[in-house]
Amino acid sequence: MVNAYYLKGVIGEINWVYCKMIIKDVKIITNDGIIEADIKIEDNKITKVSKIIHEKGEDIIRGNGKLLLPGGIDNHVHIFKKYLKVPTSDTVRRSTIASAFGGTTTVIDFAFSDRSPKVEERIEQFKDSFVNYSFHIFASDITDNLINTLKSGFKSVKFMMIEYAGIKSSLSGLRRINDLLKKFNGYIMVHAEDEELIKSLSEGKKGDPKLHLLTRPEETELSAVLRARAIVDNGIIAHVSCGRTLDLIEGKLLGEVVLHHLLLSKKVYERSDSHLFVTSPPVRDPEELWKRINKIYMIATDHNWFDRAIKEEHKEFPDLVPGLPGVELRVPMIITEFMKRKLPLSLAVKLLSENPAKLNGLNKGKIAEGYDADLVIYNQEKKWKISVDNTHMADWTPYEGYEVIGKPETVIINGKIAIENEEIKDEFFTGKLVK
Ligand SMILES: [Zn+2]
């Protein structure tokens, strides 16, 4: 039992919480290997990282040799997505609690620049988020509202190369947004799929969910990425689904890969419940991505919580519901894969926390003095199997039976214990807007 010491008060409008804590005897992953350390946290920040901290009268969490990870940052989630024809089944609270249980302490979702929900509405919807949150702004061209949103500190525009939520897409719009973002030092997140090619391949097709894969072959991603590459100066290709795309991106164009493309193969579309696994772009050949792990800039999830009944209602191509739940499993499954594949854990930490923080200008993603105290004590000795009963997302999981090495046990968000020994410590806990 940890006796965290909180001194709470109110000064005018500002609520403040002072909390001083020491985490003892944890293992930290660095570029030079794993080191043992103690960590001091004061006022939401990491203020000391040292082999041994000899200070008394502090609140002490004993790590007992467990790993300490920087809180995960998921750069791509769709939580409480109520603006498309088929709404997700979650609430902000439920998806963000799942996120915290999985060691992800910051999520970046989406708002629109010129239709509802705009960023103000999204901030209101996220006021009971359990973890920290921010938003990318969907836009297809420059508008006054987009300029104002960028002026208020949001840094990234999500550009869809296919029609989305009734908004049409054009390369000239992409070019104008690219030029605008240079002025704001922002970046473009591109959904790269070739609309024309997909439409022509889909014409007249109906029925088997596998058609989702067959009408979206790799070429539909590659041709869109080539056009994006010709225009975008500073950006990231969202949910890269195939190895050949990673071969195309370089320089200021980065690659985001999401959990399901690394963990699921196109064999799922042979299953009798293949409709559950529909996601855009579809899952393909994960080993082609793993072979190029060094070309990946970050790993996100594209989390979409659709319960089984919703997927059942829409199980015939083209009336399918793309999207898979994932926000809770990204950190433990990626750590597991890195351990099994004997890849350096320092790279896992980069892809899960450090790089998404850097790209979004957040003072997070590293265990070092001066960084925000978003931290996860990860018990690397614990082995468990994923099931719908021991996770907190949706009423089914794409990863049933997967054997995980390790589990996030205690999760610290903004210097406070949010989850302690796999249980919610404060049921009223909330994260905050970050940008
Ligand atoms: Zn997405």
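Based on what the data block shows, is VAL92 over 16 Å from THR410 (Cβ atoms), among the aliphatic types (A, V, I, L, M), in contact with a helix residue (DSSP H, G or I) (Cβ under 8 Å, 6 or more places away or on another chain) and within 16 Å of the ligand (Cβ to nearest atom)? Considered against the rule, which asks whether it is over 16 Å from THR410 (Cβ atoms), among the aliphatic types (A, V, I, L, M), in contact with a helix residue (DSSP H, G or I) (Cβ under 8 Å, 6 or more places away or on another chain) and within 16 Å of the ligand (Cβ to nearest atom), VAL92 comes out as no. Listed by position, the helices (runs of 4 or more DSSP H) contained in segment 246-327 that have at least 3 residues being more than 16 Å from the ligand (Cβ to nearest atom) and in the same structural domain as SER202 (by TED's automatic domain parsing) are 286-290, 308-313.
Selection of segment 160-182 for residues being touching a Phe, Trp or Tyr at 6+ places or on another chain (Cβ under 8 Å) and without any contact (Cβ under 8 Å) to a residue 40 or more places away in the chain yields MET160, TYR164, SER169, GLY173, ILE177. The number of residues in segment 382-410 that are on the phi > 0 side of the Ramachandran plot and in contact (Cβ under 8 Å) with a residue 60 or more places away in the chain comes to 2. Scanning segment 258-288 for residues that are touching a residue at least 40 places away in the same chain (Cβ under 8 Å), among the polar types (S, T, N, Q) and under 18 Å from GLU400 (Cβ atoms) yields SER274, THR279.
Looking at segment 112-134, which of its residues are within 16 Å of the ligand (Cβ to nearest atom) and touching a residue at least 40 places away in the same chain (Cβ under 8 Å)?
The first filter runs over segment 112-134 and keeps only residues within 16 Å of the ligand (Cβ to nearest atom), leaving 112, 117, 122, 133-134.
Once the filter is applied, which keeps residues that are within 16 Å of the ligand (Cβ to nearest atom) and touching a residue at least 40 places away in the same chain (Cβ under 8 Å), segment 112-134 yields PHE112, TYR133, SER134.
Just wondering, is there one or more residues in segment 71-78 that are part of a loop (DSSP other than H, G, I, E, B), modelled with pLDDT under 95, out of contact with any Gly (no Cβ under 9 Å at 6 or more places or on another chain) and not assigned by TED's automatic domain parsing to the domain that holds VAL411? No, every residue in segment 71-78 fails to be part of a loop (DSSP other than H, G, I, E, B), modelled with pLDDT under 95, out of contact with any Gly (no Cβ under 9 Å at 6 or more places or on another chain) and not assigned by TED's automatic domain parsing to the domain that holds VAL411. Inspect segment 386-402 for any residue being part of a strand (DSSP E or B), buried (at least 18 other Cβ atoms within 10 Å of the Cβ) and not basic (Lys, Arg) and give the result as yes or no. No: zero hits. Of everything listed in (1) among the aliphatic types (A, V, I, L, M); (2) within 25 Å of VAL278 (Cα to Cα); (3) touching a residue at least 40 places away in the same chain (Cβ under 8 Å); (4) within 16 Å of the ligand (Cβ to nearest atom), the single unmet condition for LEU213 is (4).
Of the residues making up segment 237-269, just one is under 12 Å from TYR297 (Cβ atoms), touching a Lys or Arg at 6+ places or on another chain (Cβ under 9 Å) and charged (D, E, K, R), namely GLU250. Screening the candidates LYS66, LYS82 for the property of being more than 30 Å from HIS314 (Cβ to Cβ) and either away from the ligand (no atom under 16 Å from the Cβ) or surrounded by fewer than 16 Cβ atoms within 10 Å (Cβ to Cβ) (or both) yields one hit, LYS66. For the subset of segment 296-326 comprising residues that are aliphatic (A, V, I, L, M) and over 23 Å from LEU246 (Cα atoms), which member is surrounded by the fewest Cβ atoms within 10 Å (Cβ to Cβ)? Of everything passing the filter in segment 296-326, ALA309 is surrounded by the fewest Cβ atoms within 10 Å (Cβ to Cβ).
The values are calculated or read from the model by the stated rules, or taken from the named source; none is laboratory data. Everything numeric here is computed off the predicted structure, so don't read it as measured data. For neighbour counting, all protein chains shown are included, and Cβ atoms are generated from backbone atoms with ideal geometry for every residue, glycine included.
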